[in-house]
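To keep things clear, I will list the structure first and then write my remarks on it.
The values are calculated or read from the model by the stated rules, or taken from the named source; none is laboratory data. For clarity, every value in this text was computed on a predicted model and none was experimentally measured. All Cβ positions, even for glycine, are placed from backbone atoms using ideal geometry, and neighbour counts span all protein chains on display. Only protein heavy atoms, including side chains, enter the accessible area calculation; ligands, DNA and RNA are left aside. Shrake-Rupley method; radii C 1.70, N 1.55, O 1.52, S 1.80 Å.
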Amino acid sequence: MKLNVTVNGEPKEFDIHPKDMLLDILREEGYTGVKRGCSTGDCGACACIVDGKAVNTCILFAAQVQGAAITTVEGIGNPKAPSPVQKEMTEAGGIQCGFCVPGIVVSATALIDENPEPTEDEIREALDGNLCRCTGYVKQIEAISRAVKETRKTRGTRAARIA
Ligand code: FES
Ligand code: FES
């Protein structure tokens, strides 16, 4: 069957089998920032934003996302133009091996998109499904809190420019 979606804003058409998982389709297409950790929906390494929500793509049939807008970590930012979450994860020391980081960036970005002023408890809750074996979570929570402040400043600057 054909699957038509947008990935990072680009229209895409895939030939899929009804049992294909979205994770496999994305990785085969070269979105290797979408990581395979557990394959059971427990670690968050494979998270992407699908129609505004962070979801684990290893337990989502590709056939379930017909017509959806998908954002992978590659669509959030890159080393030359990192998003505030990506920048602060690096600066606050929230990265060691880095394997969990795409999923954490995706979860934090989906949270901030939906709730631009999350409390620390809300950040912790949003990251509940993301496992990190290396750093512990203190630096990562700190990084996301800093990114919230950074995003607020950018919004303020943009609002002032528009006014
Ligand atoms: S690989 Fe999908 S949640 Fe772990
Ligand atoms: S930085 Fe290694 S798993 Fe999180």
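General remarks:
- Scanning region 40-55 for residues that are more than 16 Å from ligand 2 (Cβ to nearest atom) and not charged (D, E, K, R) yields a total of 8.
- Scanning region 3-18 for residues that are open to solvent by less than 50 Å² (accessible area, probe 1.4 Å) and part of a strand (DSSP E or B) yields 3, 5, 6, 7, 12, 14.
- Any hit, region 40-48, residues being within 13 Å of ligand 1 (Cβ to nearest atom) and over 16 Å from the mean Cα position of the chain (by Cα): yes
- The single condition from (1) away from ligand 1 (no atom under 14 Å from the Cβ); (2) over 14 Å from residue 7 (Cβ atoms) that residue 30 fails is (2).
- The condition (being more than 16 Å from residue 129 (Cβ to Cβ), at pLDDT below 95 and open to solvent by 70 Å² or more (accessible area, probe 1.4 Å)) is satisfied by just one residue among 96, 66: 96.
- The listed residue being more than 16 Å from ligand 1 (Cβ to nearest atom), closer than 23 Å to residue 138 by Cβ and surrounded by 18 or more Cβ atoms within 10 Å (Cβ to Cβ), out of 118, 102: 118
- Residues of region 19-40 that are open to solvent by 20 Å² or more (accessible area, probe 1.4 Å) and either among the aromatic types (Phe, Trp, Tyr) or within 20 Å of residue 130 (Cβ to Cβ) (or both): 21, 27, 31, 32, 35, 36, 37, 38, 39, 40.
- Within region 33-136, strands (runs of 3 or more DSSP E) holding 1 or more residues that are among the hydroxyl-bearing types (Ser, Thr, Tyr): 69-71
- Filter result for residue 139 (open to solvent by 40 Å² or more (accessible area, probe 1.4 Å) and within 16 Å of ligand 1 (Cβ to nearest atom)): no
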